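For reference, the structure is listed below as structure tokens.
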Amino acid sequence: RKEVEQDPGPFNVPEGATVAFNCTYSNSASQSFFWYRQDCRKEPKLLMSVYSSGNEDGRFTAQLNRASQYISLLIRDSKLSDSATYLCVVNIITSSGAQKLVFGQGTRLTINP
Amino acid sequence: GAVVSQHPSWVICKSGTSVKIECRSLDFQATTMFWYRQFPKQSLMLMATSNEGSKATYEQGVEKDKFLINHASLTLSTLTVTSAHPEDSSFYICSARDLTSGGIYEQYFGPGTRLTVT
């Protein structure tokens, strides 16, 4: 089982639509959770951290369910500029005590005019 | 925000040669830097964790003698791909953790280096 699994996508939605991404993680000891955005041939950029209480940043809402080991990202009123690959990322603690980020395979989103 | 640079941004080399990639944290100090590799249409895979002044920690399946990592200062880590082969062609991305980030675990990513081995 992969440590972080995401919807395979791709998602093609019209401008203005609401789109939701889901992600599950396998390591129950995971401490921190993030959504990153990656544009084609570019490095990933942090979109938002994900907290147990849920958090919102403008049109973006992220939620975490620790019991189900499930993370979600909701994008409302999607814009053409939202087209990108969205990466679910989990910070895990290794057996040696080191921290590392584990990336999901990403979900490609295309917003159509 | 914190800035991480990489050099070169792209490189083409012949099979059998070695290529060095630099990763610098420009406005903060980083005791730990990370090297990732991303093949087309795949996600980032951690190759190794680079600690300033000590040996790098490699992920399972990554050859430490082929991918040499040096982290000589708090602002610079280098990755050398030795005896490169076409299958090493990939997008190599480094990231660095800000010492002052405290309990918030956040990495800042460099712009990546696209390596093509012919």
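Every number here is computed from the coordinates shown, using simple stated rules; none is lab data. All figures in this text were calculated on a predicted structure; none of them were measured in a lab. Cβ: placed from backbone, ideal geometry, glycine included. Neighbour counts: every protein chain shown.
Summarising the overall dimensions of the protein assembly as shown from its C-alpha atoms, the Rg and Dmax are 17.9, 52 angstrom.
Counting only Cβ charges, +1 for Lys and Arg and -1 for Asp and Glu, the dipole size of the stretch A:52-113 around its Cα centre is about 120 debye. Please give the FRET efficiency for B:LYS55 paired with A:ALA17, using the beta carbon to beta carbon distance and R0 = 35 Å, rounded to the nearest 0.05. Between B:LYS55 and A:ALA17 the formula returns 0.10.
Taking θ as phi - 60° and the Karplus parameters 6.51, -1.76 and 1.60, the scalar couplings of the stretch A:102-107 work out to 10, 9, x, 6, x, 10 Hz in sequence order, x denoting glycine and proline. Here the Karplus relation 6.51 cos²θ - 1.76 cosθ + 1.60, evaluated at θ = phi - 60°, turns the backbone of the stretch B:10-15 into coupling constants of 8, 8, 10, 9, 8, 4 Hz, with x for every Gly and Pro.
In straight-distance terms, cross-link reach from B:LYS64 covers every one of the lysines whose alpha-carbon lies under 19 Å from its own, apart from those fewer than eight places away in the same chain; here that gives A:LYS100, B:LYS20, B:LYS55. Of all aspartates and glutamates in the structure, the ones whose alpha carbon falls short of 16 Å from that of A:LYS42, not counting any fewer than 8 places away in one chain, are A:ASP82.
Around the amide H of B:SER90, modelled in the peptide plane, lie the amide H atoms of B:LEU115, all under 5 Å away and 5 or more residues distant in sequence or on another chain. In this structure the amide hydrogen of A:SER83, modeled in the peptide plane, comes within under 5 Å of the amide hydrogens of A:ILE111, none closer than 5 places in sequence on its chain. Expressed in Å, the radius of gyration and Dmax of the Cα atoms of the stretch B:22-113 are 12.9, 40. For the stretch A:10-25, the Karplus equation 6.51 cos²θ - 1.76 cosθ + 1.60, evaluated at θ = phi - 60°, returns couplings of x, 9, 10, 10, x, 4, x, 6, 9, 10, 10, 10, 10, 8, 10, 10 Hz by residue, with Gly and Pro reported as x. In summary, the lysines within cross-link reach of B:LYS14, defined as a Cα separation below 18 angstrom excluding same-chain residues under 8 places away, comprise B:LYS66. Neighbouring Cβ atoms from other chains, within 10 Å of the Cβ of residues in A:36-45, number 5 on average.
If you count, for every residue in A:81-90, the Cβ atoms of partner chains within 10 Å of its Cβ, what is the mean? Let's see the in-between values first.
Details: counts 0, 0, 0, 0, 2, 0, 2, 1, 3, 0.
The per-residue average across the peptide is 1.
Each peptide among A:51-58, A:1-8 gets the average number of other Cβ atoms lying within 10 Å of its residues, and from highest to lowest they stand as A:1-8, A:51-58.
Of the peptides B:13-26, A:23-36, B:33-46, the ranking by mean beta-carbon count within 10 Å, highest at the top, reads B:33-46, A:23-36, B:13-26.
Counting only other chain Cβ atoms within 10 Å of each residue's Cβ, the peptide A:91-99 averages 2.
When peptides B:59-65, A:62-68 are ranked by their average number of other Cβ atoms within 10 Å per residue, the highest-first order is A:62-68, B:59-65. Alpha-carbon geometry of chain A: the Rg and the Dmax are 13.9, 49 Å, given in that order.
Summarising the strand pairing of chain A, around 90 percent of its internal DSSP beta bridges are antiparallel.
Using a 4.7 Å Cβ-Cβ cutoff, the cysteines of chain A lacking any partner cysteine are A:CYS40.
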